[in-house]
Amino acid sequence: MTDILEQLLQEERELQFGEFNEETAWQLGSGLVKACVRKGLPVTIDIVRGEHQLFHASLHGTSADNDEWVKRKVRLVYRFGHSSFYIGQLLKSKGKSIEQMFLIPESQYAPHGGCFPIIVKNTGMVGAITVSGLPQEEDHKLVVWAIRDYLSKEK
């Protein structure tokens, strides 16, 4: 289990932006939408910086439930500063629920994959990018792929 936790922390150390603004959010989000439409994935995609929602798209097959999952995942990432998948795997490794370990309700904080912190080098976390609609590990992998793809084009 520690291998997966270390791998997830390594993703956070690796996948950092030089800067993050509205244009970055648009390019990242719209690129993700194109890939998901092409694959027919029923996901909601959300990008926030601070309290400002910079990008949101709900694709065919999603519902208002996905928007609620997004809010709960973002709340978790903002609280802990780590990906929602990392927190979920940490809880799993301890054999505890979020209520048991941190005294916070799962109805408000979703320790399920799909939300990743937007980290700016030499600044820290400034926001979050979230995908909701697939099994949690797939949501997480999709977000990581999107960030990695965007950053590779920036170099």
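Quick one: net charge of GLU51's neighbours, Cβ under 15 Å, K/R +1, D/E -1?
Net charge in that neighbourhood comes out at +2.
Under Stokes-Einstein, with the Kirkwood radius over Cα pairs standing in for Rh, what whole-number D in µm²/s applies to the chain at 25 °C and 0.890 mPa s?
It diffuses with D of about 159 µm²/s by this estimate.
May I ask for the net charge around GLN100, where only other residues with Cβ less than 11 Å from the Cβ of GLN100 are counted and Lys, Arg are +1 while Asp, Glu are -1?
Residues near GLN100 contribute 0 overall.
Normalise the Debye intensity by I(0) for the range 3-58, one equal point scatterer per Cα, no solvent, then take log10 at q = 0.20, 0.26 Å⁻¹ and round to two decimals.
Log10 I(q)/I(0), no solvent term: -0.88, -1.00.
Quick one: net charge around ARG72, please, counting Lys, Arg +1 and Asp, Glu -1 for every other residue with C-beta under 14 Å from its C-beta.
Around ARG72, the charge tally is -3.
Read the figures in this text as sums done on the coordinates, not as results from a lab. Owing to the predicted nature of the structure, the values given are computational and were not obtained by experimental measurement. All Cβ positions, glycine included, derive from the backbone under ideal geometry; neighbour counts span all protein chains shown.
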